[in-house]
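Notes follow once the structure below has been shown.
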Amino acid sequence: MPKLFEGARKNWKFVFAFLVFSLLFWLAEFAYQFYFASPGKFELSIVRSLGFSAATFISASLLTSIVFKFRPALAKYWHVRRSLGVAGFAFIVVHISAATNLIYNFNLALMYSVLDPFQNPLVFSALAYPIFFLMALTSTDWAVQKLGFAKWKAIHRLVYFAFLFSVFHFILINPPTLMNLAGYLLLALTALVLAGELYWFIKISSKNRFSGKGTIVGVILIVLYILFAYIAFFS
C-alpha cells in the first residue's frame, strides 16, 4: 500500500510547478478584480478572486475527466485533474475564510439568517463544502487503496452534486459579477462541463439500457438542475 502523499513526494517538481501556477492564476484574478472588475476595492477583490479561482479550478478538473473520456490516451495526466481539484478546494477554503472575515465579520447568524438557498446562495455553498472536503480528503493514492477502488469511485461521484450546488451559488450570489472576463471564462468552462457530462451520461446509460445506479444518479442530477433553474429564474 502506498504511503500517504507518496505520489506527491515522488513528483515534487510537478507539485511545486503546479503550486506556482495556481498562485499566479490567483494573482491574475486578483489583479483583474482590483484594477478592472471592482476598481480599488481590496477586500472585495480578495474574496471574489478566490471565489473565481476556486470555481474555475473545480470546473477545469471536471472538464479534464470529460476530455479523458474522449481521448483515453490523455488519462495518463490524471495527476493534473487531481491537482486542479485539490487546488480548487484550497481556494474554496480561503475564499470562505476571507468572505466570513472581510464581508460578514464572522457573523454566522447574519450569513445564514435566511435558509432558502435561492434567496441566500450561501446555503448552496454550505451544501457543497462538505462534499468538496470529502473529495480533497480522499484525493490520494493511499485513500484509493484504503477504501478500495469501487468505494472510492462511489464517494467521488458525489462531486457532481457539489458542482450542482456550487454552480447555483456563483450564478445567484451576485449575477453582475459574472459579466466580465473572469466570469465569462468560468461560465464557458461550466457550460462545457455540463454539456460533456450530459453527453457521456446519455452515451453510457444507453449502452446499459438506462439501468443501474449510475443512470438513477444521472437522472436525479438532471431533474435537480432543471428544478433549481426553474425556481431560480422562472418562479
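The values are calculated or read from the model by the stated rules, or taken from the named source; none is laboratory data. Predicted, not measured: the structure shown is a model, and the values here were computed from it. All Cβ positions, glycine included, derive from the backbone under ideal geometry; neighbour counts span all protein chains shown.
State yes or no: is Ala90 more than 30 Å from Leu198 (Cβ to Cβ) and surrounded by 14 or more Cβ atoms within 10 Å (Cβ to Cβ)? The answer is no for Ala90.
Can we say Lys146 is more than 23 Å from Ala60 (Cβ to Cβ) and among the basic types (Lys, Arg)? So Lys146 fits the description; yes. Residue check: is Trp26 farther than 17 Å from Ala188 by Cβ, in contact (Cβ under 8 Å) with a residue 24 or more places away in the chain and part of a helix (DSSP H, G or I)? In short, yes. Just one residue in the set Val47, Val20 is part of a helix (DSSP H, G or I), touching a Leu at 6+ places or on another chain (Cβ under 7 Å), on the phi < 0 side of the Ramachandran plot and not acidic (Asp, Glu); that residue is Val47.
Considering the stretch 127-223, the qualifying helices (runs of 4 or more DSSP H), each wholly inside and each with 3 or more residues that are over 15 Å from Phe89 (Cβ atoms) and modelled with pLDDT of 95 or more, run over 159-172, 181-207.
Being out of contact with any Leu (no Cβ under 9 Å at 6 or more places or on another chain), surrounded by fewer than 21 Cβ atoms within 10 Å (Cβ to Cβ) and among the small types (Gly, Ala, Ser) is not true of Ala98. Residues in the stretch 104-122 that are surrounded by 15 or more Cβ atoms within 10 Å (Cβ to Cβ) and in a helix (DSSP H, G or I): Met111, Leu122.
Selection within the stretch 184-235: residues that are more than 20 Å from the chain's Cα centre (by Cα) and surrounded by 16 or more Cβ atoms within 10 Å (Cβ to Cβ). The member of this set that is farthest from Ser49 (Cα to Cα) is Ser205.
Screening the stretch 137-166 for residues that are among the aliphatic types (A, V, I, L, M) and touching a residue at least 24 places away in the same chain (Cβ under 8 Å) and picking the one that is surrounded by the fewest Cβ atoms within 10 Å (Cβ to Cβ) gives Leu158. On the stretch given as the stretch 57-96, residues that are among the β-branched types (Val, Ile, Thr) and under 17 Å from Leu164 (Cβ atoms) total 3. Within the stretch 38-55, residues that are within 22 Å of Leu84 (Cα to Cα) have Cβ atoms under 6 Å from residues that are crowded, with 24+ Cβ neighbours inside 10 Å and of a type in the set (Val, Ile, Thr) in these pairs: Ala54/Ile92, counting only partners at least 6 apart in sequence or on another chain.
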